[in-house]
Amino acid sequence: MIFISKIIQKYQPGQILEIGTAIGYSSLVMAENLKDKFRIDTVDASKPAVIEARGNIRKYNHSNSINVYFDKGINFLETTKNKYNLIFIDAKKEEYSEYYQLSKLRLKQDGIIVLDNLLWQGKVRQNKSFADKRVEILRQFDNDFLNDNSGKTKIYEIGDGIGVYLATNYVNENRHEFHK
Ligand SMILES: C[S@@+](CC[C@H](N)C(=O)[O-])C[C@H]1O[C@@H](n2cnc3c(N)ncnc32)[C@H](O)[C@@H]1O
């Protein structure tokens, strides 16, 4: 969460979408790092998670600015009309490719996509096979992600591996320190 906090502090994205709410922890961390008026839409496919997240968000007085949706990530991305400054992808690993492609369509100009768990406990970069099929899925995804010329992409070896996509039309290169 330290890395995502730094990104939020630096860019101050006013409109955020998160795919994978869980109990609302990451949404609350992002909210705490935003200075001006903001809106966070966060989506989870688990009803118990949504209920718990809404309770936590109420407890920290962010119900007016954090909206928790009970939906599947792909469905939300396909149906929303909103555009976002930052999209944080942290849900089903098997669907990362779909989330990523759909997220690019929901991104405002100069937007950022952040993806968690791209190195999956370090297994993705080990030269051997694993029973967990998510390792191979993420290997393929990471390869496509790093070769995506529609923006600047990088995977940081922090935590479980964090991918950052910056739209190429990023106005002021000096504003970011993440892709040197
Ligand atoms: C790793 S947790 C998210 C953690 C959260 N972002 C945080 O850092 O506090 C992944 C979440 O994705 C949700 N999830 C799994 N499949 C999903 C799907 N198809 N669409 C949306 N959410 C999904 C799970 O219910 C789970 O709460």
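The values are calculated or read from the model by the stated rules, or taken from the named source; none is laboratory data. Not measured: the values here are computed from a predicted model. Because the Cβ atoms are built from the backbone with ideal geometry, glycine has one as well, and the counts that use them run over all protein chains shown. When the accessible area is computed, the model is the full protein with side chains, heavy atoms only, and any ligands, DNA or RNA have been set aside. Shrake-Rupley method; radii C 1.70, N 1.55, O 1.52, S 1.80 Å.
Quick one: what are the phi-derived ³J(HN,Hα) couplings along region 77-87, Karplus 6.51/-1.76/1.60 with θ = phi - 60°, whole Hz, x for glycine and proline?
5, 6, 9, 5, 9, 6, 10, 10, 7, 9, 10
Over all directions, how big on average is the projection of the convex hull of the alpha-carbon atoms in the chain, in square nanometres? Before the final figure, lay out each step's value.
On the way: hull surface 40.8 nm².
Spelled out: convex hull of the Cα atoms, projected over all directions, averaged, 10.2 nm².
Over region 2-168, what is the relative contact order in whole percent, taking alpha-carbon pairs under 8 Å and six or more residues apart? Can you show the working numbers first?
Working: 302 pairs, mean separation 31.3, N = 167.
Reported as a whole number, the value is 19 percent.
Rounded to the nearest 500, what is the chain's calculated 222 nm mean residue ellipticity when only DSSP H runs of at least 4 contribute -39500 (n - 2.57) each, over all residues? Kindly include the intermediate steps, with their values, before the conclusion.
Numbers: 6 runs with 62 residues, N = 180.
My calculation for the chain gives -10000 deg cm²/dmol from helical runs alone.
Given a 1.4 Å probe, how much area per residue of the chain is accessible, in Å²? Spell out each step's value before the answer.
Working: 9420 Å² over 180 residues.
Ligands and nucleic acids excluded, the figure is 52 Å² per residue.
If you roll a 1.4 angstrom probe over the protein chains with everything in place, what fraction of the accessible area of the chain belongs to carbon and sulfur, to the nearest %?
Working: 4530 of 9420 Å².
Exposed carbon and sulfur together represent 48 percent of the surface.
Just subtract the alpha-carbon distance of ARG39 and LYS108 from 0.36 nm times their residue separation and send over the number in nm, one decimal.
Values: separation 69, 0.36 × 69 = 24.84 nm, distance 1.41 nm.
That works out to 23.4 nm of additional length.
Suppose the chain between LYS59 and GLN9 were pulled fully straight at 0.36 nm per residue; how much longer would it get relative to their current alpha carbon spacing?
Values: separation 50, 0.36 × 50 = 18.00 nm, distance 2.28 nm.
Using 0.36 nm per residue and subtracting the Cα-Cα distance, I get 15.7 nm.
Once you charge only the Cβ atoms, +1 for Lys and Arg and -1 for Asp and Glu, what is the size of the charge dipole of region 2-168 about its Cα centre, to the nearest 20 debye? Walk me through the numbers on the way to the answer.
Working: 25 positive and 21 negative charges, 63 e Å.
In debye, rounded to 20, region 2-168 gives about 300.
What order do you get for 29-40, 99-110 when each peptide is scored by the mean count of other beta carbon atoms within 10 Å, highest first? Present the calculation step by step, with values, prior to reporting the outcome.
Values: 29-40: 15.6, 99-110: 17.5.
Ranking the peptides 29-40, 99-110 by packing returns 99-110, 29-40.
Short version: what are the Cα gyration tensor semi-axes of region 63-164, square root of 5 times each eigenvalue, largest first, in whole Å?
Details: eigenvalues 124, 48, 31 Å².
After diagonalising the Cα gyration tensor, the semi-axes are 25, 15, 12 Å.
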